[in-house]
Amino acid sequence: MTPRELGGTGLLVSPVCIGTSPLASMPGLYGYEVGAKRAEATIEAALDGPLNFLDTSNNYGAGSAETRIGAVLRRRGGLPPGFVLATKVDADPETGDFSGARVRRSVEESLERLGLDRVQLMYLHDPEAHLIPLRARTMPPEQLKPRTAAQRPGRGLWQFQRRL
């Protein structure tokens, strides 16, 4: 597959992105469990395959998707050259806090689990569920950049986009 530029980010990505939510083993959502061994084998195959774009989140399986990705990346010595990893910052799952301080903690949690000092792309995960929708659409994600390890911050508005 021929990589394409992702918007104006300068990142070249395959036209298909591999989502890792199912690899977090969330049987309540998907109807089946995924053990760590199977998830890590899937991540290995993804890193060796023709696609170069992997998406995860701080909240997928309370961080287990990132933990599983991180285990593979540690064994391999990091991301393969040209591979793009995106993750999302999440509100606190218990309190719903989506403040700037929580976003920074979420970034740190993700980087720790992934074993990286930065990711190429970072989104706000479903901010419309935690913030006033207008603010979610207008909050400049660039405010994250000076204080985080996100090279290209952005928004993940799944629920909002679904309603359009």
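Bear in mind these aren't lab numbers, they're just calculated from the coordinates by the rules spelled out. The structure presented is a predicted model; accordingly, all values stated were derived computationally and were not measured. Neighbour counts are summed over all protein chains in view; Cβ atoms, including those assigned to glycine, are modelled from backbone coordinates with ideal geometry.
Remark on residue 53: its backbone amide H falls under 5 Å from those of 14, 18, 84, a criterion applied only to residues 5 or more positions apart or on other chains, H modelled at 1.01 Å from N. The modelled label-to-label distance for the pair residue 101/residue 74, using points 7 Å beyond Cα in the direction of Cβ, is 2.9 nm. Each of the peptides 117-124, 2-9, 77-84, 62-69 was scored by the mean count of other Cβ atoms within 10 Å over its residues; in descending order, highest first, they stand as 62-69, 117-124, 77-84, 2-9.
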